1. Just going by the charge dipole of the protein assembly as shown, with Lys and Arg at +1 and Asp and Glu at -1 on Cβ, which of A:61, B:123, B:21 is farthest out on the positive end?
2. How many angstrom lie between the C-alpha centres of the stretch A:97-136 and the stretch B:142-195?
3. Taking a 32 Å limit on the Cα-Cα distance, which of the listed pairs A:100/B:116; A:112/B:195; A:92/A:112; A:94/B:179; A:100/B:88; A:82/A:133 fall beyond it?
4. Can you give the angle from 0 to 90° between the axis of helix B:75-88 and the longest principal axis of chain B, with both taken from C-alpha atoms, to the nearest 10?
5. Quick one: if you stick a label point 7 Å off each Cα along the C-beta vector at residue B:97 and residue B:138, how many nm between them?
6. If you project the alpha carbons of the protein assembly as shown onto their three principal axes, what span does each projection cover, largest first, in Å?
7. Along each of the three principal axes of the Cα atoms of chain B, give the extent in whole Å, ordering the values from largest to smallest.
8. If amide hydrogens are placed 1.01 Å from N in the peptide plane, which non-local residues have theirs closer than 5 Å to the one on residue A:35?
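Any read-out appearing in this document is the output of simple, stated calculations on the displayed coordinates, not a laboratory observation. Since the model is a prediction, treat every value here as computed from it, not as a measurement. Note that we place each Cβ from the backbone using ideal geometry, even for glycine, and neighbour counts take in every protein chain shown.
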Amino acid sequence: MKQLSLLAAGLLFSAGVLAGAADNVTVQEPYVRLAPPSAPATGAFMVLKNAGDKDVKVVKADNPASRVTELHTHINEGGVMKMRPVPAIEIKAKGEAVLKPGSLHVMLIDLKAPMKEGDAVPITLTFDDGSSKTVDAKVVRPVAAPAMEHKH
Amino acid sequence: MSQRILLTIAILLAALLLGLAFFWQPTLPERPLPVAAAPAGGDFTLQAAGGPVALQDFRGKVVLVYFGYTYCPDICPTSLAATAEGLKLLTPEELARVAVIFVSVDPERDTPARLKEYAEFFHPAIVGVTGTPEEVAAIARRYGVFYARQPVETAGGGYVVDHTADTYIVAADGRLDGKIAHASPADQVAAEIRKRLTKP
């Protein structure tokens, strides 16, 4: 009986993976900001869109270019910027999550080697249902915040 | 009979009122709130890779002063990129009358050599400086800059530094003359500089 329920749970789990969040989430304009030569860390940014009917969470990110990858955000407290790790990044059903400088981002910590402009870093996002998705993020030089909210 | 009860109640209430008037001290702060005096700013001398750099060396120029650190992965690059792009919007004549100083709020990890590499990545005109923790703290206080270490396991050396992300503007006469908010676009940076360059 116990084995049966385990099997059922396993089936349910794999069903979840098959019809996973990864299928509903599209990633737009992923990029990694080129770090200055002496900087040990940098950020990856992108827009995550969820076409599904359920809220989805990114619970983990990975990449081969740095030893540690974390999900972070910034809190602006009276002009003081505080960077903090977050356990997950939520993408609302039919909504989007915008990862951008000064806000949510994937943090690449302890870079294994200096990056070059134009390199591509494969970033793997894992969702709360266990499914995952890998996107190639281009390495670009840091630019100032665009005057408009979003630049194409 | 009921009149007497009423009278007693009235007297009790009056006594309560009197007592309150005499003894109740409202807990509102009596002392004046600290006056948000404009930060004084002022001259300072710190160490760059090429030797000491003093704010007073740049008298006659508009000086942008930014407080950050080289392990800063997002906020400093955003600010410095905006500053660098703002500088690129200036004419060579205008640029010759502008200086940018990047003051480390992480003197324990930032060496002058590291700072040079970091600052020049954004723009060759940006000078990275640092000093003893006491020197940096004193300058930050004068400029109204807040910074504090925050332990983060995975950050290089185990901590990040929360810090004020605005860029301070020092006028040609050395006076602290406003600031540019974090993440201001490049054209706003250039406009703020030009406004002060054209001042008599």
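1. After comparing all options, I get B:21.
2. 26 Å
3. Details: A:100/B:116 26 Å; A:112/B:195 44 Å; A:92/A:112 34 Å; A:94/B:179 40 Å; A:100/B:88 23 Å; A:82/A:133 29 Å.
Long pairs (Cα-Cα over 32 Å): A:112/B:195; A:92/A:112; A:94/B:179.
4. Roughly 50 degrees, rounded to the nearest 10.
5. Between residue B:97 and residue B:138, the label points sit 3.3 nm apart.
6. Principal extents (Cα only, largest first): 92, 82, 36 Å.
7. For chain B, the Cα spread along each principal axis is 96, 48, 28 Å.
8. Amide H to amide H, under 5 Å and 5 or more residues apart or across chains, residue A:35 pairs with A:115.
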